[in-house]
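Structure, as structure tokens:
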Amino acid sequence: MRLVTLTLFSAGFLALPSIHATPLEAQERYSCTADKLRSDNDIRLTHTGDHDDERIVETLLQRRGRCVHVALFGSVRLRDDLAGIAELPPGSRALFHEITPASDRRLEVERAGGALIHRFMIDGRDAPFDRDVERWYGALLLDLARRSGHGAEARVASLRARGGTDAVLREIGQLESDEARRHYYRALLRGSTTLSPRDVERVLTRALGDVQSNSTRRSLLVEAMQDGRQLSPAVLRHAMEAIRSDGDKTSVLVVAARLHLDGSNDATRRAFFEAARTIRSDGDMRRVLVTALRAAPDEAVAREVIASTAEIRSDGDKASVLLAVAGTGLLGRRNALRREYEAAAATIRSSGDRARVLRAVSP
């Protein structure tokens, strides 16, 4: 059996604009038919996006002998337990369809006259909407939410009220895509202003291990900092180990420098420059070091910046960083920092770049 897993996300989906018809493209791609029961492929599709300016969140699960299609059209709000629909504005609707060799079950949920209308069919015939059906479609909704992250904010708030941060982390452990995990971690960090610094560190460390995408790791860390969370030295070190992209590392460190770098905090400063020295790209390293210097132009930071230029191979980038140090006015005629600056300048191979750097501090 071959497993095929595909997750497509074209935009956020916690607020879905209402629609009036099922997008034809989505119907054609995501549907269950009897012939799919004979396929040996194990297929799991998750899709959130717009079709002709209309919004849809859906999943398709297909394996030999079973096909399940769930789709939410419009502003569908789930219950806190994710096992039912809490709100369905006019024009929005939900579809649940499962085919097995034994039966073909289909449920459509719409709003009419101010109430939710559930139309349930078995093998094409109308059938009662009872507790068994409610449990069936609740399980399908829960699966959709865990694949897409739909309803994350309400679910995280409910879980944390009942079982604290640990309850949310247990739920995240059952999610099946980076996108879903990102929505849950974002909701936990943004919606939990009472999280202690220790819990913030625990959540971010767990997130760095849970998600596989460098860009998702980067976005979680940047969003956390922009929301006022400071990355601890331990989280920063873990982030640099987990993130393999120089561009994503740079984005994290640029924000960390602008928001939290403080030359007087030895642990934070050391962790920051240890992280910076894991960047292999000379251009990205230059950007991080210059940003750090502008954010905290003091002697301790300048010393770390000068030392870090030893990792830069490009003469032009190294010269740019050292010129930024010269521009701080921290280099006296005979102080130790100036001697470190001149020693770094001596490692520049280009005579022109080296001369520029030395002229910048000449009387």
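The values are calculated or read from the model by the stated rules, or taken from the named source; none is laboratory data. It should be emphasised that the depicted structure is a prediction, and the values quoted were computed from it without experimental measurement. Heads up, the Cβs are rebuilt from the backbone with ideal geometry, glycines too, and the neighbour counts pull from every protein chain shown.
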**Message:** Go through segment 282-315 and report how many residues are among the polar types (S, T, N, Q) and either within 30 Å of the chain's Cα centre (by Cα) or at positive phi (or both).
**Reply:** 2
**Complete:** Flagged in segment 327-345 as within 17 Å of A355 (Cα to Cα) and of a type in the set (S, T, Y), in numbering order, are Y341
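Residue by residue, here is whether (1) assigned by TED's automatic domain parsing to the domain that holds T278; (2) at pLDDT below 95; (3) surrounded by 15 or more Cβ atoms within 10 Å (Cβ to Cβ); (4) under 15 Å from V290 (Cβ atoms) holds:
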position: T309; (1), (2), (3), (4): yes, no, yes, yes
position: R313; (1), (2), (3), (4): yes, no, no, no
position: A319; (1), (2), (3), (4): yes, no, yes, yes
position: A324; (1), (2), (3), (4): yes, no, yes, yes
position: L331; (1), (2), (3), (4): yes, yes, yes, no
position: R334; (1), (2), (3), (4): yes, yes, no, no
position: E340; (1), (2), (3), (4): yes, no, yes, no
position: A344; (1), (2), (3), (4): yes, no, yes, yes
position: T347; (1), (2), (3), (4): yes, no, no, no
**Request:** Name the one entry in V252, V235, V290 that is buried (at least 20 other Cβ atoms within 10 Å of the Cβ), closer than 30 Å to G149 by Cβ, of a type outside the set (G, A, S) and in the same structural domain as R338 (by TED's automatic domain parsing).
**Result:** V252
**Message:** Take residues that are at negative phi and at pLDDT 50 or above and tell me which of the strands (runs of 3 or more DSSP E) falling wholly in segment 1-68 contain 1 or more.
**Reply:** 41-51, 54-63
**Asked** If you go through segment 135-166, how many residues are surrounded by fewer than 18 Cβ atoms within 10 Å (Cβ to Cβ), in contact (Cβ under 8 Å) with a residue 40 or more places away in the chain and within 21 Å of V203 (Cβ to Cβ)?
**Response** 2
**Any helices (runs of 4 or more DSSP H) falling wholly within segment 138-247 and containing at least 1 residues that are closer than 30 Å to A94 by Cα and of a type in the set (V, I, T)** = 152-172, 214-226
**Asked** Of the numbered conditions (1) buried (at least 20 other Cβ atoms within 10 Å of the Cβ); (2) under 25 Å from V156 (Cβ atoms); (3) modelled with pLDDT of 85 or more, H97 satisfies every one except a single condition; which is it?
**Response** (2)
**Prompt:** If you check A187, A224, A180, which single one turns out to be crowded, with 18+ Cβ neighbours inside 10 Å and under 18 Å from V254 (Cβ atoms)?
**Reply:** A224
